[in-house]
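The values are calculated or read from the model by the stated rules, or taken from the named source; none is laboratory data. Predicted model only: the values in this text are computed from it and were never measured. We place every Cβ from the backbone using ideal geometry, glycine too, and count neighbours over all the protein chains shown. Note: accessible area is taken over every heavy atom of the protein model, side chains too, but ligands, DNA and RNA are not part of it. Shrake-Rupley method; radii C 1.70, N 1.55, O 1.52, S 1.80 Å.
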Amino acid sequence: MGSLVKDYLCKKVFDITPDKIYHVTVMPCFDKKLESSRKDFFNDFHQSKDVDCVLSTIEIENLFQKENIDLSSMQDGILDLPFTLCKNQTSIKQELEKHESIYTHQGGGSGGYLEHVLVNSAKNLFNYDLTCDQIVYKQLRNSDFKEVNLEINGEVKLRFAIAYGFRNIQNIVQKIKKKNCTYHYIEIMACPSGCLNGGGQIRDEQTNSLSKELLQKVENIYNSVKNQIPNENKFVQQLYDSIWLGNDKENLEKNLYTTYHEIEKNTNGLAIKW
C-alpha cells in the first residue's frame, strides 16, 4: 500500500512528489509501527516514508472517545476510489462504481493468501482445477495450527500449513532446523487467531481483552465482505498493465515486493536496525 500511495498516486493521479502526501494507516497491530520505520520503506531522494503514521484500532477508539465521536450516529459516506482514477482516465473508476467498492479475498482473518496461492499452484504446476470451496483444513495441535494438502489421484503434491501464535511458530522453526519440515508453503502470524486478534485491536471494555464472543463478532463482520479472486479484480488487472508497472520485473519487485533481512543481535533495543 505504501508504494501505491507514495508512488502510483503521486505519478498517476496527483502529479506531486511523495513528500507532499501524509500517509496514515489503521492497523490492529502495534508492530506495524516498527515495520513502517524500516529503511527499506524510506525514499532517500524525497526524504519520505512509505507510511508516515500507523494508528492501531484501539488508538482510533481512544481518539473517538476523546473527541466525543459516536460512529453509530454518523451517516455513511461515499467511498473514494483514488487508485482507479488516472490522469484523463475515468473508465476503470466508472466501471468499478457499478459494483461493490470493497472486496476481500478468500482466506483467514489475517488477510493471508494461502488459499489463493494453493489454487493457483494447483493450476499452474499441475493443471488441476481447485476452488477455495474444495479446500479442507486438518487441525493439528490446536485451532491455530492447521494444514491442507493438494492431493491428485491419491498422491499428495503440495503441503501447506497455517501457524498462528509464537508456540506454533516455534514448532515450525524447530522442524525447519531439524530439516524435518515437509511443507511447501506456511502462513505465519505472530498473534493467536491471527491479525483480527492483534495486539493493537479494540478490547472488551469490561475485561480489557478480546473475548471469544467479541472475536467471533469481528470474524463474522470480516467474513461478510464479498470475496473476489485477486487477479480478476479490474483495478489489479489495470495496474499490472499500466505504464507504472508495465509487467516489468524490475518495477514489479520495486513496487509490489519486499524482502526481509536478519536483525543484528544487539542488547540495546533502541539500536535495532529494522
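Pairs linking a residue in segment 204-233 that is under 30 Å from residue 119 (Cβ atoms) and basic (Lys, Arg) to a residue that is assigned to a loop (DSSP other than H, G, I, E, B) and open to solvent by less than 90 Å² (accessible area, probe 1.4 Å), with Cβ atoms under 8 Å and 6 or more positions apart or on different chains, are 226/103.
Rundown of residues vs (1) in a helix (DSSP H, G or I); (2) among the charged types (D, E, K, R), yes/no style:
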position: 204; (1), (2): no, yes
position: 215; (1), (2): yes, no
position: 225; (1), (2): no, no
position: 246; (1), (2): no, no
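Look at (1) outside any helix (DSSP H, G or I); (2) modelled with pLDDT of 90 or more and you find that residue 79 fails only one, number (2). If the condition is being more than 29 Å from residue 194 (Cα to Cα) and either in contact with a strand residue (DSSP E or B) (Cβ under 7 Å, 6 or more places away or on another chain) or part of a loop (DSSP other than H, G, I, E, B) (or both), then segment 17-72 contributes 17, 18, 19, 21, 44, 45, 46, 47, 67, 68. Here is the figure for segment 206-255: residues that are at pLDDT 80 or above, acidic (Asp, Glu), open to solvent by less than 90 Å² (accessible area, probe 1.4 Å) and over 19 Å from residue 107 (Cβ atoms) total 0.
Do we find a residue being open to solvent by 70 Å² or more (accessible area, probe 1.4 Å), among the charged types (D, E, K, R) and part of a loop (DSSP other than H, G, I, E, B) anywhere in segment 155-175? Looking through segment 155-175, none of the residues is open to solvent by 70 Å² or more (accessible area, probe 1.4 Å), among the charged types (D, E, K, R) and part of a loop (DSSP other than H, G, I, E, B). For residue 194, the test of being within 20 Å of the chain's Cα centre (by Cα), surrounded by 15 or more Cβ atoms within 10 Å (Cβ to Cβ), modelled with pLDDT of 90 or more and of a type outside the set (A, V, I, L, M, F, W, C) is failed. Of the residues examined, residue 130 is one that is open to solvent by less than 30 Å² (accessible area, probe 1.4 Å), touching a strand residue (DSSP E or B) at 6+ places or on another chain (Cβ under 8 Å) and in a loop (DSSP other than H, G, I, E, B). If I filter segment 256-271 for residues that are at pLDDT below 85, outside any strand (DSSP E or B) and crowded, with 16+ Cβ neighbours inside 10 Å, do I get at least one hit? No; the residues of segment 256-271 include none that is at pLDDT below 85, outside any strand (DSSP E or B) and crowded, with 16+ Cβ neighbours inside 10 Å.
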